[in-house]
Structure formats: C-alpha cells, structure tokens
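Heads up: the structure comes next, in structure tokens.
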Amino acid sequence: MPSRFPPATAASNTVRTASASLLLCLVGMLTAPSVLAAESPAVAVLEGTPWSPGDPLRYGAAEMEVLLCAAQLHQNHPLAGIVGVGNRRGLLQPATEAALRRVALMGLTVVRVARNGATQENGEDVFVEAGGLSPAAAKNLLAACLARFGAPPAAADPVHPTPRESAAIHAKLALFQQAFDAAALGATDRLAGSNPMGRETHATTLALR
C-alpha cells in the first residue's frame, strides 16, 4: 500500500525541522500560565486546500500554518479553538490533520467541518465533529462552548498522551460534542446564536495555502 506521506528531501527536511522548532515553542506557550484569563474566546477557521503527495514543501507548510495559528491564538486568548474545514467528508490533508491533532492535545479545541457535507463522529479521535453545520455556525458554537465549558486539559507530551490524560481530554470534549450534535440535529441552536457567559467572541478566518 503506497504511503500517504511524501518522500523526505532536503527541502522537506528543512521545513520539518522548522516545524519541530515551532512545535517546541508552542508547547512552552501552551503550558505557561496565561495572564489573559478574563479575555473572551477566540476561534480561527482554517480552510483546507488540495494537496499533492509529491509536494513536500506544501506538506510542511500546511503543518507550520496550523502551528503558527495555534501560537497566535494562545498568545492573545487563553480560551481558543480552531475550526478545520475539510472536504465533503471533513477529511484534511495528512499534515494538517496531524498538526491539528497535536494542538488538540495541547489544550486547544479543534472542530472538524465538512465542506458541503457532513462529518462522521469518531469516538477515538480528539476532534469535535460538526456534523452538517457550516463553518460559520461551527465557529460561533465553538466560541460559545469554550465560554461555557472552558478549555480541555492538555497532555504533558502531546505526541504520547497517557491513558489518564486521554480520558480527561475526551471527557471534556464530550460536552462540546453533545452541543454540536444537538445543533446539527436541529434540536437547538441556542448556543450557536448566543454567548452563555455574556462575553464578546472573536473569530479569525485564515486560509491554509
């Protein structure tokens, strides 16, 4: 079975080295005490783009884009999340999905949205599935959930979370998933259209290039 990942080259190794350095900086930022505890939630929307298995620079750039986005969010907002927009089934290119999984294990909530379709819930994953919600609706609902439930706990080592850490992360994400399931089913859109904590929400739309 062919690999989903591009072969290593000098260019790809350079990009991955930069990504690793950025990841270490991000880990330090996310584990440092925040001085912005009273700030409102911030949500970034990352639009996934088509990828080519033979394009290592695009592969590495996609990973760095996610890590930079997460670092910028945390620098200004202790409550932050990312909405990742994939294809019709919510699938993202491997580098983007791997980077989003890492930041999800660092305490940022990641919601996966399908472009013109619906995502399918995966209980073993660390993403919140938006079902058939649009990126705009998912963005608003995620901000409201962050204000209501707070941020998920972070793993000490996002590459190798312990079973206890994974259980704690999934327990918190289950609250988010319940809200998204209810909104996707049309049972309620209260959280999607309001902020339960009375805080102003901020949203930033970014594009993965």
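The values are calculated or read from the model by the stated rules, or taken from the named source; none is laboratory data. This one's a predicted model, so the numbers in the text were calculated from it and none came from an experiment. With ideal geometry, Cβ positions are generated from the backbone for all residues, glycine too; neighbour counts draw on all protein chains shown.
General observations
- Some residue of the range 160-171 being touching a strand residue (DSSP E or B) at 6+ places or on another chain (Cβ under 9 Å), surrounded by fewer than 16 Cβ atoms within 10 Å (Cβ to Cβ) and at pLDDT below 95: no
- Residue satisfying condition, being in a helix (DSSP H, G or I) and at pLDDT below 95, within set Leu100, Leu91: Leu100
- Residue within the range 141-149 that is buried (at least 21 other Cβ atoms within 10 Å of the Cβ) and either assigned to a loop (DSSP other than H, G, I, E, B) or free of Cβ contacts under 8 Å to residues at least 40 places away in the same chain (or both) present: no
- If you check Leu142, Leu175, Leu208, Leu105 for being at pLDDT 90 or above and touching a Ser or Thr at 6+ places or on another chain (Cβ under 8 Å), only one passes: Leu142.
- Cβ-Cβ distances below 6 Å connect the following pairs, each with a first residue in the range 113-139 that is under 17 Å from Arg101 (Cβ atoms) and at pLDDT below 70, a second residue that is buried (at least 20 other Cβ atoms within 10 Å of the Cβ) and of a type in the set (D, E, K, R), and a separation of six or more residues or different chains: Glu121/Glu129.
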